[in-house]
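Here is the structure we will look at, set down as structure tokens.
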Amino acid sequence: MNAIIKSAFIIFCSLLVSCQCNCEYPYKDNLTEFLSTEANYKIPQGNVILVILPLDACSSCLLSTIEMLKNSHDELDIVVATSSKRNLKNFGLENLSGNIYFDLKNNYSRYEIGAGVPLIFHFKNGECLFYSETTDDKKSQIKKHFKW
């Protein structure tokens with residue numbers, strides 16, 4: 001019986017840690033600086049879904065994220081970190097719905113924003129409501145939040 005309770009507690013704690021439902025994103029100031037300095041982007045007032053796509057991230061993470069975004073049917077603000085706009089076609093980014101901004105110097109890694117893989121944010125009136133890495137183990141959480 002103790003093993004069952006211990007397992008349930010571990011699962012509960014894992015879910016609690018992995019769900020950033022109240023969006024206590026620890027790098028918001030760095031993110032804001034990165035967006036304004038490198039991508040000429042300011043988090044707008046209103047409701048916005050922001051995606052950070054570092055094209056030098058793991059290919060499978062990137063491709064599955066792009067596929068998920070194609071099926072979202074939401075207007076997206078996408079910041080692409082790459083050294084060349086030509087890379088857009090390599091990943092099929094030209095087919096995404098939304099506004100695309102660029103970090104053409106690929107400087108995202110100079111800012112501590114927690115981006116080793118693609119990230120997705122939900123902002124409303126400048127406040128972060130949700131954020132997540134877009135790894136496969138988080139896709140169901142993302143789809144649930146955005147009702148995709």
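The values are calculated or read from the model by the stated rules, or taken from the named source; none is laboratory data. Keep in mind the model is a prediction, meaning the values are calculated, not measured. Every residue, glycine among them, receives a Cβ derived from its backbone with ideal geometry; neighbour counts consider all protein chains shown.
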Inset, instruction - Kindly list, by first and then second residue, each pair from a residue in the range 62-90 that is modelled with pLDDT under 80 and of a type outside the set (Ser, Thr, Tyr) to a residue that is crowded, with 19+ Cβ neighbours inside 10 Å and not in a strand (DSSP E or B), limited to pairs with Cβ atoms under 9 Å and residues at least 6 apart or on different chains. - result: Asn87/Leu55; Asn87/Leu93; Leu88/Leu55; Leu88/Thr82; Asn90/Leu55
Inset, instruction - Could you grab me the full set of residues in the range 104-148 that are out of contact with any Pro (no Cβ under 8 Å at 6 or more places or on another chain), closer than 26 Å to Gly46 by Cβ and acidic (Asp, Glu)? - result: Glu127
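Residue-by-condition table, conditions (1) under 18 Å from Ser64 (Cβ atoms); (2) in contact (Cβ under 8 Å) with a residue 60 or more places away in the chain; (3) assigned to a strand (DSSP E or B); (4) within 12 Å of the chain's Cα centre (by Cα):
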site	(1), (2), (3), (4)
Ser109	no, no, no, no
Ala115	yes, yes, no, yes
Phe130	no, yes, yes, yes
Lys143	yes, yes, no, no
Legend entry - Unmet criterion (only one of (1) farther than 18 Å from Ser59 by Cα; (2) surrounded by 19 or more Cβ atoms within 10 Å (Cβ to Cβ); (3) not aliphatic (A, V, I, L, M)) for Thr134: (1)
Inset, instruction - Keeping to the range 73-107, report how many residues are part of a loop (DSSP other than H, G, I, E, B) and more than 23 Å from Phe34 (Cβ to Cβ). - result: 3
Inset, instruction - Report the residue count in the range 33-71 for those that are buried (at least 16 other Cβ atoms within 10 Å of the Cβ) and either touching a strand residue (DSSP E or B) at 6+ places or on another chain (Cβ under 8 Å) or not in a loop (DSSP other than H, G, I, E, B) (or both). - result: 21
